[in-house]
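One structure below.
Values quoted throughout were computed directly from the atomic coordinates according to the rules given, and no laboratory measurement underlies them. These numbers were taken from a predicted model, which means no experiment stands behind them. Cβ placement follows ideal geometry from the backbone for every residue including glycine, while neighbour counts extend to all protein chains displayed.
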């Protein structure tokens, strides 16, 4: 019984901690206006121009925390608070996503690997209802085996994603200072926002690994 409780804790607690950290950082630094006075969209455009990137489109999307860079379409999608915002948080997030565009330009190896495995990850994610119902709920052997395959792929994807995200944040912090978009004393806010966001990827990795271990243990029990 103890191992099951531990796995449940690993699935739930890191995610809760990460979400609280993100909410706290955003609530504070979304209200702190960066002295550069530019919006997230303007900062992203300046960073990409300085990096020699001229084929990436910046677009405003109606999705809270849905900011992302799509390497397939070379699109930098920014949420309203980031696209139009001139806060320390907005500039940090915009620079982070722009960091992915720079990774793409430089053929950053972990990003290339992640791009290659995205289709298989999207496919196995569609099988998740079968795994949850057939594997976790009814403990049907076939679906437990399927779940082990699904979560192995998800864990590998999360392992690849983590260095990609950490590298994008490192690039963002450096670029913001080099381009004069963030003053030295404003970097604490940028770091808090980006570090909190990084925790969500760590939490996702831990949860996926815990789910995988659950299924492995279920598979051993039925034998």
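Some values worked out for this structure:
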quantity	calculated
For the stretch 82-148, the spread of Cα positions along each principal axis, largest first, Å	51, 28, 13
Approximate spin-label separation residue 130-residue 16, in nm, with each point projected 7 Å along Cα-to-Cβ	3.3
Rg/Rh (Cα only; Kirkwood hydrodynamic radius) as it applies to the chain	1.04
Using alpha-carbon coordinates, inclination of helix 88-105 to the longest axis of the chain, degrees	80
Tilt relative to the chain, helix 109-125 - C-alpha long axis, 0 to 90 degrees, to 10	50
Cα centroid separation - the stretch 79-152 against the stretch 8-74, whole Å	16
Antiparallel DSSP beta bridges within the stretch 2-222, percent to nearest 5	50
Prolate/oblate/rounded call for the stretch 9-99, Cα gyration tensor, a/c under 1.5 rounded	oblate
Between 0 and 90°, nearest 10: helix 141-178 axis offset from the chain longest Cα axis	20
Relative contact order for the chain, counting Cα pairs under 8 Å that sit 6 or more residues apart, in percent	29
10 Å binning of all Cα-Cα separations within the stretch 135-182, expressed as whole percents from 0 upward	23, 24, 19, 16, 11, 6
Alpha-carbon gyration tensor eigenvalues x 5, square-rooted, for the stretch 110-223, Å	38, 14, 9
